[in-house]
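Asker: This is the structure I have questions about; it appears just below.
The values are calculated or read from the model by the stated rules, or taken from the named source; none is laboratory data. Since the model is a prediction, treat every value here as computed from it, not as a measurement. Here the Cβ positions follow ideal geometry from the backbone for every residue, glycine too, while neighbour counts run over all protein chains shown. Just the protein is used for accessible areas: all its heavy atoms, side chains included, with ligands, DNA and RNA removed. Shrake-Rupley method; radii C 1.70, N 1.55, O 1.52, S 1.80 Å.
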Amino acid sequence: NAGVTQTPKFRILKIGQSMTLQCTQDMNHNYMYWYRQDPGMGLKLIYYSVGAGITDKGEVPNGYNVSRSTTEDFPLRLELAAPSQTSVYFCASSLGTGRQNIQYFGAGTRLSVL
Amino acid sequence: AQSVSQHNHHVILSEAASLELGCNYSYGGTVNLFWYVQYPGQHLQLLLKYFSGDPLVKGIKGFEAEFIKSKFSFNLRKPSVQWSDTAEYFCAVKGGLRAAGNKLTFGGGTRVLVKP
């Protein structure tokens, strides 16, 4: 099993450019999440999804959009990149509720906006 | 909104020393508790978890954590660290049986450096 796969691993954007961070999981998990990790701040939840076609905002959704057309994929879109979006982005997935709520993380995407 | 506090941002210790990392959370109801570890250049991996039952939880690589409900704490311990334990450690909490989306709230992380 590949688990949670994120692409790209690194990206440099210019201010105002757009891009999509890809995330796919092969564990047939219902729940998927996008986090950003800033130094000393831990992980902050951007968006999450409880199943195909259902998404909701997390703590820090401004400047981002998501979609969930399939169980496997949960792309994160940055429409107008800003320096404040320089961060490491992690995608995660989990099977469901209770004892199945163990989140498995991808390797991350390091994004710099200059 | 619930919050998770990790008191130490950086810890430096020598091999064979004992390690204890503090974690406190603010949610007053039923919680699920987790410790994740991030080795340099790698993604987060689950160290251990608590859902219910015995408040002393054992995880991988010799780590354990104790849930003390009255103190809203879930401290991580290892009796004797190795150089390979150099990593960043994150405490996370899911508050409530029906927390929307089973969302986790993470602490700010503790960077641990073990000197050989």
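Asker: Would you be able to tell me the number of residues in the range B:1-52 that are buried (at least 16 other Cβ atoms within 10 Å of the Cβ), more than 13 Å from every other protein chain (Cβ to nearest Cβ) and of a type in the set (A, V, I, L, M, F, W, C)?
Answerer: Selection size over the range B:1-52: 3.
Asker: Count, please, the residues in the range A:55-94 that happen to be touching a residue at least 60 places away in the same chain (Cβ under 8 Å) and farther than 30 Å from B:Asn8 by Cα.
Answerer: 5
Asker: If we scan the range B:47-70, do we find a residue that is closer than 24 Å to A:Ser49 by Cα and in contact with a Cys (Cβ under 6 Å, 6 or more places away or on another chain)?
Answerer: Within the range B:47-70 (the criterion being closer than 24 Å to A:Ser49 by Cα and in contact with a Cys (Cβ under 6 Å, 6 or more places away or on another chain)), the answer is no, since none of the residues qualifies.
Asker: Here is a list of conditions, (1) open to solvent by less than 50 Å² (accessible area, probe 1.4 Å); (2) under 12 Å from the mean Cα position of the chain (by Cα), and A:Arg77 meets all of them except one; can you say which number that is?
Answerer: (1)
Asker: Return the total of residues in the range A:55-84 being assigned to a strand (DSSP E or B) and more than 22 Å from A:Leu13 (Cβ to Cβ).
Answerer: So the answer is 3.
Asker: In this structure, does B:Val37 turn out to be of a type outside the set (Gly, Ala, Ser) and modelled with pLDDT of 95 or more?
Answerer: So B:Val37 fits the description; yes.
Asker: Has the range B:53-65 got at least one residue that is in contact with an Asp or Glu (Cβ under 6 Å, 6 or more places away or on another chain) and either among the basic types (Lys, Arg) or buried (at least 20 other Cβ atoms within 10 Å of the Cβ) (or both)?
Answerer: Looking for residues that are in contact with an Asp or Glu (Cβ under 6 Å, 6 or more places away or on another chain) and either among the basic types (Lys, Arg) or buried (at least 20 other Cβ atoms within 10 Å of the Cβ) (or both), one finds at least one in the range B:53-65, hence yes.
Asker: While we're here: Might you let me know whether the range A:38-54 holds any residue that is more than 24 Å from B:Gln6 (Cα to Cα), of a type outside the set (Ser, Thr, Tyr) and touching a strand residue (DSSP E or B) at 6+ places or on another chain (Cβ under 6 Å)?
Answerer: Yes: one or more hits.
Asker: Let me ask something additional. Within the range A:91-104, identify whether any single residue is modelled with pLDDT of 95 or more, out of contact with any Cys (no Cβ under 9 Å at 6 or more places or on another chain) and part of a strand (DSSP E or B), and answer yes or no.
Answerer: No, there is no match, as no residue in the range A:91-104 is modelled with pLDDT of 95 or more, out of contact with any Cys (no Cβ under 9 Å at 6 or more places or on another chain) and part of a strand (DSSP E or B).
Asker: Here's another thing I want to ask about it. Could you figure out which of (1) among the small types (Gly, Ala, Ser); (2) under 27 Å from B:Lys49 (Cα atoms); (3) at pLDDT 95 or above isn't true of A:Ala107?
Answerer: (3)
Asker: Consider only pairs whose beta carbons are under 6 Å apart and that are at least six residues apart or on different chains; among these, list those whose first residue lies in the range B:11-25 and is farther than 13 Å from B:Glu66 by Cα and whose second residue is open to solvent by 30 Å² or more (accessible area, probe 1.4 Å) and in a strand (DSSP E or B).
Answerer: B:Ile12/B:Leu113; B:Ser14/B:Lys115
Asker: Could you tell me which of the residues B:Ser52, B:Ser84, B:Ser80 is modelled with pLDDT of 95 or more and assigned to a loop (DSSP other than H, G, I, E, B)?
Answerer: That would be B:Ser80, the only listed residue that is modelled with pLDDT of 95 or more and assigned to a loop (DSSP other than H, G, I, E, B).
Asker: Any idea which of B:Leu47, B:Leu21 is within 28 Å of A:Gly96 (Cβ to Cβ) and not basic (Lys, Arg)?
Answerer: Result: B:Leu47 is the single residue among B:Leu47, B:Leu21 that is within 28 Å of A:Gly96 (Cβ to Cβ) and not basic (Lys, Arg).
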